[in-house]
Amino acid sequence: MPGAGRVMIGAGLVAAGALSALWVPPGLLGALALLALLRICWLEDNIVSDLFGRDRPPPGYRNAADLRRLLMLRVLGIWPRAAAEVSAHQVATAMRTEAQVWGCLLIAMAAGLVAQRGVFGPVTNLCFGAVLFALALMRADRLTLSLFHCETGRALPDHLLLPARRRLLAERKR
């Protein structure tokens, strides 16, 4: 199921995150990490609050998708499928995929930072960095599955879209 291109995307994201920790100044890296974390939180909130358990996306999502289609037609000459054809779970799958992309980058950045500038000894820093790097690669593995679902136009199953605890909380709110 995961093609070589999707695996390379995940590995490239992890490599870019880890290498950015080596080359980007720590203050700028912290600001970028904060922005990535805010984006992840915003995406998670939208998935749980607006999209999970619905058949169609809310009107605001459909209007934004129509504007995006118009922009793509005018700028690139591409006419993507209509927003009415996309279910709320497909939009949530695309948002989950974006959150996984940001998560891969964020964890890989943390791995590079801990390995290079950790507060423990050099060996301990490298061990902690290696563990974080392995976690980033596991995130990249999950990302390949989400990319596959996005490419085929299918929605992720509920257990992959939201963890069990958040699924229960989202169902209680409804």
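Since every read-out is calculated from the coordinates, none of them should be taken as a lab result. The shown structure was predicted, so the numbers you read here are calculated from the model rather than taken from an experiment. With ideal geometry, Cβ positions are generated from the backbone for all residues, glycine too; neighbour counts draw on all protein chains shown.
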### Summary
Relative contact order as a percentage, the stretch 4-173, C-alpha pairs under 8 Å and 6+ apart, gives 33 percent
#### Entry: Approximate spin-label separation ASP141-GLU98, in nm, with each point projected 7 Å along Cα-to-Cβ
2.7 nm
### Task
Give me the angle, in degrees from 0 to 90, between the Cα long axis of helix 122-152 and the longest principal axis of the Cα atoms of the chain, rounded to the nearest 10.
20 degrees
### Query
Taking the Cα centre of the stretch 25-107 as origin and charging only Cβ (+1 Lys, Arg; -1 Asp, Glu), how large is the dipole, in debye to the nearest 20?
280 debye
### Query
From the residues GLY53, LEU132, PRO122, which one has its Cα farthest along the dipole of the stretch 4-173 in the positive direction, the dipole being from +1 and -1 charges on Cβ of Lys/Arg and Asp/Glu about the Cα centre?
GLY53
#### Entry: Calculated FRET value between GLU44 and PHE148, using beta carbons and R₀ = 22 Å, to 0.05
0.55
### Summary
So, relative contact order of the stretch 83-156 in percent, Cα under 8 Å, 6 or more apart, is 43 percent
### Query
Expressed as an acute angle from 0 to 90° and rounded to the nearest 10, what is the orientation of the C-alpha long axis of helix 26-46 relative to the principal long axis of the chain?
30 degrees
### Task
Place +1 on the Cβ of every Lys and Arg and -1 on the Cβ of every Asp and Glu in the chain, take the dipole about the Cα centre, and give the residue among ALA111, ALA36, MET95 whose Cα lies farthest towards its positive end.
MET95
### Task
Mind sorting out which of (1) 55, 43, 34; (2) 47, 33, 28; (3) 63, 31, 24 is the real Cα extents along the principal axes in Å computed from the coordinates?
(1)
### Query
Alpha carbon centre of the stretch 72-138 versus the stretch 26-48: separation in Å?
10 Å
### Degrees separating the helix 164-173 axis from the principal Cα axis of the chain, which is the longest one
40 degrees
### Task
Using R₀ = 25 Å, calculate the FRET efficiency as 1/(1 + (r/R₀)^6) where r is the Cβ-Cβ separation of VAL131 and LEU160; round to 0.05.
0.60
